[in-house]
Amino acid sequence: SSSCTVLMEFGVVDSEEGTMEIVMTNNEPVGGFQFVVTGVAIASGGASGGSAGDAGFMVSNSASTVIGFSLTGGTIDPGVAVLTVLSFEAVDESACITDVVISDSVGGAFIVQTGDCIELDFILHISV
């Protein structure tokens, strides 16, 4: 049903600062999330703030994958909000959100939709 669908999309992306907002739209409380961003290298410890931070989630990341969950059973309230802000370097000409898993407070998975990919300011430097 549509009430169990979560939308994940890019918010404000600042290529000069190297920050991108990941925006989540959810109609039900969210207990955990995992997603991949292609085309970027996420900085070590580079996922912070947003509704995940407000909810006290443990958020960790690799260069491409971000995982967040609560150790205390907390959830992110329904709504439209910046889930987390990523510090990144572009490694390709575009970025996409893929491989998204969003779960409820008891681990059930929501149906996920993702927004459009975005263009990045990326120049391939070829050393001669």
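The values are calculated or read from the model by the stated rules, or taken from the named source; none is laboratory data. For clarity, every value in this text was computed on a predicted model and none was experimentally measured. We place every Cβ from the backbone using ideal geometry, glycine too, and count neighbours over all the protein chains shown. Just the protein is used for accessible areas: all its heavy atoms, side chains included, with ligands, DNA and RNA removed. Shrake-Rupley method; radii C 1.70, N 1.55, O 1.52, S 1.80 Å.
On a per residue basis, the chain carries 54 Å² of accessible surface, using protein heavy atoms and a 1.4 Å probe. With the cut-off at 1.5 for a/c, could you classify the chain from its C-alpha gyration tensor as rounded, prolate or oblate? In terms of gyration-tensor shape, prolate.
If you take the Cα centroid of segment 7-46 and the Cα centroid of segment 109-127, the two points sit 10 Å apart. The sum of -39500 (n - 2.57) across all DSSP H runs of n ≥ 4, divided by the residue count of the chain, sets its helix-only mean residue ellipticity at 222 nm to -500 deg cm²/dmol.
At the residue level, Asp92 shows approximately 80 square angstrom of accessible surface with a 1.4 angstrom probe and all protein chains present.
Among the GluC sites (Glu not before Pro) found in segment 1-107, those both in a DSSP coil and sparsely packed, with 10 or fewer other Cβ atoms within 10 Å of their Cβ, are Glu16, Glu17.
Here the chain has 50 percent of its accessible surface on carbon and sulfur atoms, given a 1.4 Å probe and all protein chains in place.
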